[in-house]
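Note sheet for the following structure.
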């Protein structure tokens, strides 16, 4: 029986519930690992999960022939997991179309995190990573937790609420849409992750500042492979390079827990290339009966279509479309005047009756929070040792630490 999380009963049944509730699944003896849904009119079958999976693998039973007069479209087959190339039956053909690059870390050549960093980063790069990690822990009460096999529905709901907030914030800053935030897709991942975490087919890695999640990664599990499916971090902590620190924590957990591969999955991002030590191809596979003319026509049309899509990705058309979709969704409202902030170092706080001490949680401007966190980083201050003051008349903030004092005040752009 396959240990692939994306062909497991909870994943496939919940995917049907959310995306194709009126369609029955179809199974075939010649490809026992996968289930399919049929096109309304054509003899075309698509794997359940489509492009919501992070890696499909399958085997062919050459003693069966129930593929006759049919076409099968299989999304997201990682090159390194695919062993379906040996087709013994003359009538069954396959077209493989590369769609995305994939990136992973193979841990087999490393003893631990330090060994990986030593062999993957320069001395200066390692120094910066370790410095940022030390500074983060010096400025906040940081902890990590992997939810794997055990999580309450209440904990899960609370984390996913923050997960969504951080994704919205991150992609609003990048000014592009994120498919995971599609309501139907997000509701699917909420429901499927809870069930699969309890069955150890998925896990949720969370970095906390006290009890507040500041980085979250949803992973799926196949044997000793961990698939990084959705990840985000709070950009207020950018000065600390929290995204990289989150990866370090995750690598550390993987290696201590006996995982041999951390798969960053499909799609190009700079961090994947920087941290991965192996690049592979995500392919779409089209299996068809080459003795049946309609199947040949459908297969060749699909192949041409997906090759064109890949060419458009190479030309960055997808980036343009994601940005266009973001601005269309945001609407055509006229941009408001926004404030930027200037920094002034002080020797002491001003003697001002209008200066009121406030709690950090009362700061509702992300730019100000980032300036506060930058202040912590640059002066090696802990958040609990810093007092924050607000002067309403000039909308100015003052940060008073054990070592330094700083004023942050707005100006129009």
Within the bounds of the range 210-219, is there any residue that is over 21 Å from residue 2 (Cβ atoms), in contact with a helix residue (DSSP H, G or I) (Cβ under 7 Å, 6 or more places away or on another chain), free of Cβ contacts under 8 Å to residues at least 24 places away in the same chain and not in a helix (DSSP H, G or I)? no
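Residues that are at negative phi and touching a residue at least 60 places away in the same chain (Cβ under 8 Å): list the strands (runs of 3 or more DSSP E) wholly contained in the range 1-92 that include at least 1 such residues. Give the derivation first.
Details: elements: 35-38, 44-47, 71-78.
So the answer is 44-47, 71-78.
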List the pairs whose first member sits in the range 175-194 and is on the phi > 0 side of the Ramachandran plot, whose second member is surrounded by 15 or more Cβ atoms within 10 Å (Cβ to Cβ), and whose Cβ atoms are under 8 Å apart, counting only residues at least 6 apart or on separate chains? 175/326
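Let's see how each residue does on (1) under 16 Å from residue 341 (Cβ atoms); (2) touching a residue at least 12 places away in the same chain (Cβ under 8 Å); (3) assigned to a loop (DSSP other than H, G, I, E, B); (4) in contact with a helix residue (DSSP H, G or I) (Cβ under 9 Å, 6 or more places away or on another chain):
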| residue | (1), (2), (3), (4) |
| --- | --- |
| 361 | no, no, no, no |
| 364 | yes, no, yes, no |
| 372 | yes, yes, no, yes |
| 388 | yes, yes, no, yes |
| 394 | yes, yes, yes, no |
| 403 | no, yes, yes, yes |
| 407 | yes, yes, no, no |
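Go through the range 134-186 residue by residue and tally those that are more than 30 Å from residue 372 (Cα to Cα), assigned to a helix (DSSP H, G or I) and over 16 Å from the mean Cα position of the chain (by Cα).
From the range 134-186, those more than 30 Å from residue 372 (Cα to Cα) are 147-154, 179-180, 182-186; that's our starting set.
From the residues that got through so far, the ones that are assigned to a helix (DSSP H, G or I) too are 153-154, 179-180, 183-186.
Pick out the ones that are also over 16 Å from the mean Cα position of the chain (by Cα) and you get 153-154, 183-184.
The qualifying residues number 4.
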Give the residues of the range 219-234 that are buried (at least 20 other Cβ atoms within 10 Å of the Cβ) and more than 22 Å from residue 156 (Cα to Cα), sorted by residue number. 225
Residue selected from the range 158-171 under the condition out of contact with any helix residue (DSSP H, G or I) (no Cβ under 8 Å at 6 or more places or on another chain) and loosely packed, with under 15 Cβ neighbours inside 10 Å, by the criterion farthest from residue 195 (Cα to Cα): 165
Residue 6 meets each of (1) more than 17 Å from residue 295 (Cα to Cα); (2) in contact with a helix residue (DSSP H, G or I) (Cβ under 6 Å, 6 or more places away or on another chain); (3) crowded, with 19+ Cβ neighbours inside 10 Å with one exception, condition (2)
Do you know which residues across the range 98-112 are touching a helix residue (DSSP H, G or I) at 6+ places or on another chain (Cβ under 6 Å), part of a strand (DSSP E or B) and modelled with pLDDT of 95 or more? 103
Out of curiosity, is residue 324 modelled with pLDDT under 90, assigned to a helix (DSSP H, G or I), under 35 Å from the mean Cα position of the chain (by Cα) and more than 30 Å from residue 267 (Cβ to Cβ)? no
Which numbered condition residue 368 misses (of (1) within 20 Å of residue 239 (Cα to Cα); (2) assigned to a loop (DSSP other than H, G, I, E, B)): (2)
Provide a single number: the residues in the range 245-281 that are part of a helix (DSSP H, G or I), buried (at least 17 other Cβ atoms within 10 Å of the Cβ) and in contact with a helix residue (DSSP H, G or I) (Cβ under 6 Å, 6 or more places away or on another chain). 5
Which of the residues spanning the range 125-157 are closer than 27 Å to residue 179 by Cα, out of contact with any helix residue (DSSP H, G or I) (no Cβ under 9 Å at 6 or more places or on another chain) and surrounded by 13 or more Cβ atoms within 10 Å (Cβ to Cβ)? 145, 155
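With part of a helix (DSSP H, G or I) and touching a residue at least 24 places away in the same chain (Cβ under 8 Å) as the only criterion, which of 128, 119 stands out?
Details: 119 fails: touching a residue at least 24 places away in the same chain (Cβ under 8 Å).
Just one listed residue meets the conditions, 128.
The values are calculated or read from the model by the stated rules, or taken from the named source; none is laboratory data. Bear in mind that the values here come from a model prediction, so they are computed numbers and not experimental data. With ideal geometry, Cβ positions are generated from the backbone for all residues, glycine too; neighbour counts draw on all protein chains shown.
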